[in-house]
Amino acid sequence: MKIICIGRNYADHAKEMGNEIPDEPVIFMKPKNALLQGHTPFYYPEFTNELHYECELVLRVCKNGKYITEKQAPDYYNAISVGIDFTARDIQEEHKKKGLPWEKAKAFDNSAILGKLIDIKPGFNKKGILFSLKMNGETVQKGNSDDMLFSFDSIISHISNYFSLNIGDLIYTGTPAGVGECVVGDELEGFLGNEKLFSLTVK
Ligand code: MG
């Protein structure tokens, strides 16, 4: 099982980070150890002084494949959730400046929070999926899947040109604007529409 993440998939987030709008999906990965689900506590990593939340829609892959076309892509995922792509922003900025890889900033243990998965059944409306993140009871991020630069199907097709997709893989589809810092004691809650799919306290 692997975790594939898309960067800069919302124009307003690319802008807030001072990044260009990409002309193809930006891909990075997290290892299996990055996944944190359920009620496992999340501890603030000791190597960063600037931990950022990035709330994202997450897809679960349900079929093995490579060279998947956009038309075939809907057959390759069958569940959706919201999650957090935790980012050590200070380390990421430093590594970006030096042209170094991002893993220390993005792929550390428990950096991929995953909420409860919701089955995508026939008739599930994939247009205009709303999601949001609350911190300490206040909404800090709001997203709409229609604002993605690259759709679910185009992401899946693109990824599969480079990496085979396997059953159980997770795809973090990018964060909208509003990313920000969290500190020990903050409570984060992720919503798909009005349904709360995860809640965690930074310890
Ligand atoms: Mg992200």
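The values are calculated or read from the model by the stated rules, or taken from the named source; none is laboratory data. It should be emphasised that the depicted structure is a prediction, and the values quoted were computed from it without experimental measurement. So basically every Cβ, Gly included, is an ideal-geometry build from the backbone, and we count neighbours across all protein chains shown. Accessible surface is based on the protein model in full, side chains and every heavy atom, while ligands, DNA and RNA are left aside. Shrake-Rupley method; radii C 1.70, N 1.55, O 1.52, S 1.80 Å.
Restricting the search to segment 1-40, which residues are under 19 Å from Gly115 (Cα atoms) and either open to solvent by 50 Å² or more (accessible area, probe 1.4 Å) or among the basic types (Lys, Arg) (or both)?
Scanning segment 1-40 gives Met1, Lys2, Met29, Lys30, Pro31, Lys32, Asn33, Gln37, Gly38, His39, Thr40.
Condition first: within 21 Å of Ala79 (Cβ to Cβ), over 16 Å from the mean Cα position of the chain (by Cα) and either open to solvent by less than 30 Å² (accessible area, probe 1.4 Å) or of a type in the set (Gly, Ala, Ser) (or both). Now tell me which residues in segment 121-151 satisfy that.
Within segment 121-151, Gly123, Gly128 qualify.
Among the residues of segment 168-180, which ones are open to solvent by 20 Å² or more (accessible area, probe 1.4 Å) and in contact with a strand residue (DSSP E or B) (Cβ under 6 Å, 6 or more places away or on another chain)?
Gly178, Val179
Quick one: which strands (runs of 3 or more DSSP E) lie wholly within segment 1-115 and hold at least 1 residues that are basic (Lys, Arg) and in contact with a Leu (Cβ under 7 Å, 6 or more places away or on another chain)?
Result: 55-61.
So, of the residues in segment 41-52 that are open to solvent by 40 Å² or more (accessible area, probe 1.4 Å) and of a type in the set (Ser, Thr, Tyr), which turns out to be nearest to the ligand (Cβ to nearest atom)?
Filtering segment 41-52 for residues that are open to solvent by 40 Å² or more (accessible area, probe 1.4 Å) and of a type in the set (Ser, Thr, Tyr), the one nearest to the ligand (Cβ to nearest atom) comes out as Tyr44.
Where the second residue is assigned to a strand (DSSP E or B) and at pLDDT 90 or above and the first is under 14 Å from Thr87 (Cα atoms) and among the basic types (Lys, Arg) and lies in segment 17-36, which pairs have Cβ atoms under 7 Å and are six or more apart or on separate chains?
As it stands, the answer is Lys30/Ile3; Lys30/Cys5; Lys30/Ala112, since those pairs meet every condition given.
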